[in-house]
Amino acid sequence: MRKGLTMFDVPGAAFGGPPRIGRLRSRSISAENPEGAPGAGGRTASRLGPGRKGRAFIPLRSGETADLARIDGPGVIRHIWLTVTDRTEAGPFVLRDLVLRAYWDGQDTPSVEAPLGDFFCNGFATRSQVTSLPIVVAPTGGMNCYFPMPFRSSALITLTSEHPGDIEALFYQIDYTVGDEVHEDTGRFHAQWRRSRVTQPGVDHVILDGVQGPGAYVGTYLGIAALERYWWGEGEVKFYLDGDVEHPTICGTGTEDYAGGAWAFQDRLATDGDVRVLTYSAPFFGYPHYSTADTSGRSPYATGMTPTHGLYRWHLPDPVYFQDDLRATVQQIGHDGTALFERADDVSSVAYWYQIGPTAPFPPMPDGAGRRPR
């Protein structure tokens, strides 16, 4: 039996790997060709004539679920591109109000479940430019995912709107191959969103738990609304592997360190106030979002906003492999310039991983009110 297959073991799916020429066939699903049928793209007519951009998008009504893709396998989804407005007249939080889900091989429960923005490293329903290897958010709001997503018998990708208003235009394209060699023990892609609306001092935020069987953890997105003053990012990211209980096998040195940064993401450490926080986006890690000002345009009141921070880390050259089980957490520890202290903050996260075997049901997704950004 072949063991521990991950994204890198999907034929032709590795990032930067050569294409596998042979029996594979390329397909693409969009509003123009919702079934991905051969020779069926670009048929809808516009005022310019047949095949001239006749159906570039679909509407998404409030409370509606759109099936973005229904595909018979075996195959591998190679690329997802999607864009949608980030606000309507009914409210500003579209990217939190839309929930992305994916189901592999006829499972009843999703293997991917996350608010649309958070999945694409745009937490707090706020657009941020991201230039990384598997996730790219290009100007303005072009959301791309390059995580290979293999399936053996079927794939279903849906987008559910819990936004109070209708979305007039949802643009999307899903590029995939069929005929791939996908086995029962090929790792399936997973992503899960969690939120601790207020963490308890000394109690770590759970990024992921309940994963059973062999697999590989490949990435984290963290959105942290700092509810207390002073530096917020001393908490360590920990991975409990294969029976770890009290202490983890892998333990980091701090939250900004986990995202590849250092020294609070600042241009210098000083108390004179003339200090800049530097955002960045790189292939395997980044800190693309930092804000202290409300940009939603919803409220006429001149009030400040809780500082918000968004960061990501991709474990692509260094996957976290596990054979039996996995739990991942992050502490909320701060520093006031003289000493460490336990914090209480609003922490949300997306965990990305591959695993073999059926997906255990995820914790219930909070409703729109429970996902509302600070």
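The values are calculated or read from the model by the stated rules, or taken from the named source; none is laboratory data. Remember, it's a predicted structure, so these values are computed and weren't measured experimentally. Heads up, the Cβs are rebuilt from the backbone with ideal geometry, glycines too, and the neighbour counts pull from every protein chain shown. These area figures cover heavy atoms from the full protein model, side chains too; ligands, DNA and RNA do not enter into them. Shrake-Rupley method; radii C 1.70, N 1.55, O 1.52, S 1.80 Å.
With the highest mean first, a sort of the peptides 53-62, 345-354, 277-286, 121-130 on other beta-carbon atoms found within 10 angstrom per residue produces 345-354, 121-130, 277-286, 53-62.
The length gained by stretching the chain between residue 271 and residue 26 to full extension, at 0.36 nm per residue less their Cα-Cα distance, is 82.5 nm. For a Förster distance of 30 Å, can you work out the FRET efficiency between the beta-carbons of residue 253 and residue 293, rounded to the nearest 0.05? Once rounded, the FRET efficiency stands at 0.50.
Excluding ligands, DNA and RNA, the accessible surface per residue across the chain is 45 Å² with a 1.4 Å probe. Pair-distance distribution of the chain: all C-alpha pairs, bin width 20 Å, starting at 0; shares per bin in whole percent are 28, 57, 14, 0. Between residue 89 and residue 154, the simple label model (points 7 Å from Cα in the Cβ direction) yields a spacing of 3.9 nm. Here the extension length gained between residue 64 and residue 185 equals 40.1 nm, from 0.36 nm per residue of separation less the Cα-Cα distance. Solvent-accessible area assigned to carbon and sulfur over the range 154-257 amounts to 47 percent, based on a 1.4 Å probe. The slack between residue 338 and residue 43, meaning 0.36 nm per residue of separation minus the straight C-alpha distance, is 99.6 nm.
Report note on the peptides 140-148, 335-343: ranked by the mean count of other C-beta atoms within 10 Å, highest first, their order is 140-148, 335-343. Charging the Cβ of each Asp and Glu at -1 and of each Lys and Arg at +1, and nothing else, the dipole of the chain about its Cα centre rounds to 1460 debye.
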